[in-house]
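Peer 1: Dropping a structure here in structure tokens format, bear with me for questions.
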Amino acid sequence: MPKYQAKKALGPQINYTITGIDAGAGIMASTQKALSAYGLAKDNWQLQTSSTAAMTSTLDKAIRHKQPIVITGWQPHWMFTKYPIKFLKDPKHVYGKSESIHTIVRKGLKQDQPTAYEMLDRFYWTPAEMSQVMIQVNNGKDPQKAAQQWLKANPKKVQQWTKGLKKVSGKPTLKLTYVAWDSEIASTNVVAEVLRGLGYKVTIQAMEMQPMWASIATNVADAQVAAWLPTTSAKFYSDYKGQFVDLGANLKGARVGLAVPKYMTNINSIEDLLKNK
Ligand code: PBE
């Protein structure tokens, strides 16, 4: 593929294709909405399904060769530290303004496992803190080890989350479900390690987004810390409303949208994708 040509229309240079991730992701549903909202669908634009790993490797190649590319992007994620990319403005707010990641637990957890419930309720960290774990995992570290090391280096956080909580006896089991996105691999492993420290036998299980929400709604799992709201997980939040307990944000300041390399200087808004037709 040739280098990005700012003076030519973008669409034909990338076959009118936005490089996406797994089909179940909320960002994919939002991008389908954006395709219609911005008139891109009728201009032949399409969204390609792949995976985070495939998308970031395509992005890596494009950047090395200064080629044009439009991806589904979100933060916190190491793609924004590793590559010179920028979000496109979303004047219609299809992706929402800002997202938080919420902790969602099953009904009855508070009565059954009050210590775990209290720790999960307190769990809160910043995008910068989550990124520290994510980058270690991206560098090849085992996620559980990365979580253990981060906790060791951040005893104050652990103290905040566990202060006054007594270790439980009898090794009660807890099951956390998650989708294997980098952000959720980091948060789920950190929470699992803290709960293990409180005496629980914790299993974590990766699955797709719909089964993850269903696992909490049907009491098959106890908690998940992967609910991007109010926009990205909106469908499941409303589908399962009344069948889970929302403990509120465990991270604020997340963001979801479309992104391009910074060398595409004349493309700054989703509306610019239609430019120079
Ligand atoms: N993400 C990362 C997810 C949530 C976490 C933005 C890719 C999504 O549902 O789109």
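Peer 1: Translational diffusion coefficient of segment 1-94 at 4 °C, 1.567 mPa s, Stokes-Einstein with Kirkwood Rh over Cα pairs, in µm²/s as a whole number.
Peer 2: For the chosen part, D equals 93 µm²/s.
Peer 1: I would also like to ask the following. What whole-number distance in Å separates the alpha-carbon centres of segment 218-277 and segment 1-42?
Peer 2: 17
Peer 1: How long is the gain from residue 93 to residue 7 if the chain were fully straight, where each residue apart is worth 0.36 nm and the alpha carbon distance is subtracted? Walk me through the numbers before you get to the answer.
Peer 2: Values: separation 86, 0.36 × 86 = 30.96 nm, distance 2.76 nm.
Going from the current span to full extension adds 28.2 nm.
Peer 1: What aspartates and glutamates sit close enough to residue 89 to cross-link, taking a C-alpha to C-alpha distance under 17 Å and skipping anything fewer than 8 places away on the same chain?
Peer 2: Cα-Cα hits under 17 Å: 99, 271, 272.
Peer 1: As a check on your grasp of the helix formula, calculate [θ] at 222 nm for the chain: sum -39500 (n - 2.57) over DSSP H runs of n ≥ 4, divide by the residue count, round to the nearest 500.
Peer 2: Dividing the helical sum by the residues of the chain leaves -11000 deg cm²/dmol.
Peer 1: Modelling each spin label as a point 7 Å along the Cα-to-Cβ direction, I'd like the residue 201/residue 23 distance in nm, to one decimal.
Peer 2: For residue 201 paired with residue 23, the spin-label model returns 3.7 nm.
Peer 1: Can you tell me the mean projection area, over all orientations, of the convex hull of segment 128-249's alpha carbons? Units nm², please. Kindly include the intermediate steps, with their values, before the conclusion.
Peer 2: Details: hull surface 31.8 nm².
Mean orientational projected area (segment 128-249, Cα hull): 8.0 nm².
Peer 1: First measure r as the distance between the Cβ atoms of residue 239 and residue 32, then evaluate 1/(1 + (r/R0)^6) with R0 = 22 Å and state the FRET efficiency to the nearest 0.05.
Peer 2: Efficiency for this residue pair is about 0.80.
Peer 1: Moving to a separate point now. Expressed as a whole percent, how much of the Cα-Cα distance distribution for segment 85-171 exceeds 18 Å? Numbers along the way, then the final one.
Peer 2: Working: 2346 of 3741 pairs.
Counting every Cα pair in segment 85-171, those more than 18 Å apart make up 63 percent.
Peer 1: Separate question: Per 0.36 nm of contour for each residue apart, how much would the distance between residue 107 and residue 163 grow if the chain were fully extended, relative to their Cα-Cα spacing?
Peer 2: Taking 0.36 nm per residue and subtracting the Cα distance, the gain is 17.8 nm.
Peer 1: Just grab the label-to-label distance for residue 141 and residue 128, each label 7 Å out from Cα along the Cβ direction, in nm (one decimal).
Peer 2: Spacing of the two 7 Å Cα→Cβ label points: 1.8 nm.
Peer 1: Under 12 Å from a label point 7 Å along Cα→Cβ of residue 252: give me every residue in segment 87-111 with its amide N that close.
Peer 2: In segment 87-111, the label zone of residue 252 (backbone N under 12 Å from the point 7 Å along Cα→Cβ) covers 99-101.
Peer 1: Sticking with this structure for a sec: Hey, if you drop one equal point scatterer on each alpha-carbon of the chain and run the Debye formula without solvent, what base-10 log of I(q)/I(0) do you get at q = 0.16 Å⁻¹?
Peer 2: Debye curve over Cα of the chain, log10 I(q)/I(0) at q = 0.16 Å⁻¹: -1.18.
Peer 1: Here is a further query. On a 0 to 90° scale, report how tilted helix 127-138 is relative to the longest principal axis of the chain, with both axes built from alpha carbons and the result rounded to the nearest 10.
Peer 2: The angle comes out near 80 degrees.
We did not get these values from a lab; they are worked out from the coordinates using the rules stated. The model shown is predicted, which means the values in this text are computed figures rather than measured ones. Quick reminder, even Gly has a Cβ in these numbers, built from the backbone with ideal geometry, and neighbours come from all protein chains shown.
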